[in-house]
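Down below is the structure, laid out as structure tokens.
What follows draws every value from the coordinates through simple rules; no lab data is involved. Keep in mind it's a predicted model, so treat the numbers as computed, not measured. All Cβ positions, even for glycine, are placed from backbone atoms using ideal geometry, and neighbour counts span all protein chains on display.
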Amino acid sequence: ISTRDWSSDVCSSDLHNLGVAEAIADRIAVLYAGQVVEEGPATAVLSRPLHPYTRALVASVPRMGHVTHELASVPGVVAAPGAWPGGCRFHPRCPVARPSCAGETPAWTTFAPGHGSRCPYPAGGDGA
């Protein structure tokens with residue numbers, strides 16, 4: 001996370017409060033199983049997430065004024081470090097996974113200036 005106040009410094013944090021992240025960061029990198037799966041301007045990542053894991057994180061944030069009895073969650077568990085699945089590390093838990101996702105690690109794709117993802121299916125679409 002690079003802070004707005006310290007343009008030359010970079011702050012790295014295991015920050016799970018997305019509201020705080022958006023308030024203090026210019027850019028956000030989302031990691032899953034030790035790998036960056038999405039990176040871009042904070043506002044874009046949080047308002048237009050590309051990667052299914054980022055979408056799940058954003059969906060899990062409680063919203064003021066919305067009554068819910070259960071928070072959204074991602075089914076399954078993260079693999080143990082060093083025992084990552086082949087292909088996309090998120091594919092066993094991904095709601096839009098295709099057979100190809102288990103084959104090889106997806107390449108980094110830039111979908112908008114400065115906003116990219118390791119998923120070829122942004123927002124569950126058919127690819128770029």
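Gain in length, Thr105 to Ser47, computed as 0.36 nm per residue apart minus the alpha-carbon separation, to one decimal in nm?
18.3 nm
Could you compute the FRET efficiency for Val77 and Arg98, with r as their C-beta to C-beta distance and R0 at 30 Å, rounded to 0.05?
With a Förster radius of 30 Å, E is 0.90.
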